[in-house]
Amino acid sequence: MAGWWKRHPYYLWYMLREASCVFITAYALILLWGLRRLAQGEGPFEDWLESLGTPGSLAFHALALPVVLYHAWTWFKVMPKTLPDTRLPAAAIVAGGVAASAACSAALLVAVWWFGLWSVP
Amino acid sequence: MTRTIRIECLRYHPETDAEPRLQAYEVPFTDDMSVLQGLQYIKDHLDGSLTFRWSCRMAICGSCGQMVNGVPRLGCETFLREFWPGTVRVEPLEHFPIVRDLAIDQSDFLAKLESVKPYLVQKAPPAGENTNLQAPEEMQAYYRYSKCINYLLCYAACPQYGLNPAFTGPAALTLLHRYNADSRDAGRAQRMPVVNQEDGVWGCTLVGYCSEVCPKDVDPARAVNQNKVNSTLDYFKHFLFPRAKEKS
């Protein structure tokens, strides 16, 4: 069974799906770290914001974004298999999940942007 | 029009061969010939010692499941023309011991199938009736899963079964679900221990390839993963009400 995941592209995509959680975890830890720095005061938080702009951080985020998008896609792709039997076709469940996720992300982006405008002194 | 294709078959005679080997045959074929017919041509005209299983040759019986170029497929509904001018490599289903050449030993699966009680555990009919009637919607709850007739392609597609042969596996768990989902059945309590064990539904990591290769669109991954929910509910039910009597 050694190297089984190389036998078929389907297995390779599955392993990528499983590996993508490493990026999700890393991203969550970075955000949590930011929250901790925020609790410590303005100075530490500014330092954290600055660290996000370093080349290493930008490279990580550039890689993490497509990986997280792939993870989200696979999450909705397996959704019909994890739900109780419904009359809805599987494609509708997947499409509905992806659309809802895209809408929530867009709403969040707009909210942050709007809040940013509003909070500028 | 007759063309010629190269078919490589895995040959293995456990009593005499040290290890399996591939043997190639040049087989004339027409557009309507399946991989199974290619094997039959070999057996009839080139090498009578080649061993493989087949019966209905119309994707009903599931006897001719094989690895065709590394993918679990039924030989009878896979056409040689799909591979020409390339080579077709035919091997026995992955993860099973070989009896001889392309014939595998299904004993492990059959024991697992038996363990899930794949039959109706009779429920007492309602008072005044002598039979359990079933509405069309109630039949829909299990109909899809009842189409599973043990081709075993799903086991060959499942890396978890390959890594851990103790895993109950897709088809047995699908048939377990088929009977649990049947309104006329009273065997749920007897089957839940199989679902709940580490090698029951929790042995599945939702690779999902089993559902891709299933020729009857049974969707075993769905049957298995629905039962992760059932198993979780069962756990909490026993956790909260340890002395509750098992409802069938």
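The values are calculated or read from the model by the stated rules, or taken from the named source; none is laboratory data. The model shown is predicted, which means the values in this text are computed figures rather than measured ones. Ideal geometry is used to build each Cβ from the backbone, glycine not excepted, and the neighbour counts take in all protein chains shown.
Rundown of residues vs (1) away from chain B (no Cβ under 14 Å); (2) closer than 21 Å to B:Ser211 by Cβ; (3) exposed (fewer than 11 other Cβ atoms within 10 Å of the Cβ), yes/no style:
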{"position": "A:Ile24", "(1), (2), (3)": "yes, no, no"}
{"position": "A:Ala39", "(1), (2), (3)": "yes, no, yes"}
{"position": "A:Thr54", "(1), (2), (3)": "yes, no, yes"}
{"position": "A:Met79", "(1), (2), (3)": "no, yes, no"}
Counting only helices (runs of 4 or more DSSP H) wholly inside segment B:143-248, the ones holding at least 2 residues that are of a type in the set (D, E, K, R) are B:188-196, B:220-240
Could you please find all residues in segment A:1-17 being of a type outside the set (A, V, I, L, M, F, W, C), surrounded by 14 or more Cβ atoms within 10 Å (Cβ to Cβ) and free of Cβ contacts under 8 Å to residues at least 24 places away in the same chain? A:Arg7, A:His8, A:Tyr10, A:Tyr11, A:Tyr14
Within segment A:21-121, helices (runs of 4 or more DSSP H) holding 1 or more residues that are in contact with a Phe, Trp or Tyr (Cβ under 9 Å, 6 or more places away or on another chain): A:42-52, A:55-77, A:90-119
Would you tally the residues in segment A:24-36 being at pLDDT 95 or above and either touching a Pro at 6+ places or on another chain (Cβ under 8 Å) or among the aromatic types (Phe, Trp, Tyr) (or both)? 1
Residue that is nearest to B:Thr51 (Cα to Cα) [pool: residues in segment B:70-120 that are in a helix (DSSP H, G or I) and touching a Leu at 6+ places or on another chain (Cβ under 8 Å)]: B:Gly75
What are the residue pairs meeting all of these: first residue in segment B:60-77, first residue within 14 Å of another protein chain (Cβ to nearest Cβ), second residue assigned to a strand (DSSP E or B) and among the aliphatic types (A, V, I, L, M), Cβ atoms under 8 Å, and 6 or more apart or on different chains? B:Met67/B:Val90; B:Val68/B:Val88; B:Val68/B:Val90; B:Asn69/B:Val88; B:Arg73/B:Met67
A:Phe45 being more than 19 Å from the chain's Cα centre (by Cα) and not assigned by TED's automatic domain parsing to the domain that holds A:Leu16: no
Any idea how many residues of segment B:1-23 are farther than 16 Å from B:Gly70 by Cα, among the β-branched types (Val, Ile, Thr) and buried (at least 16 other Cβ atoms within 10 Å of the Cβ)? 1
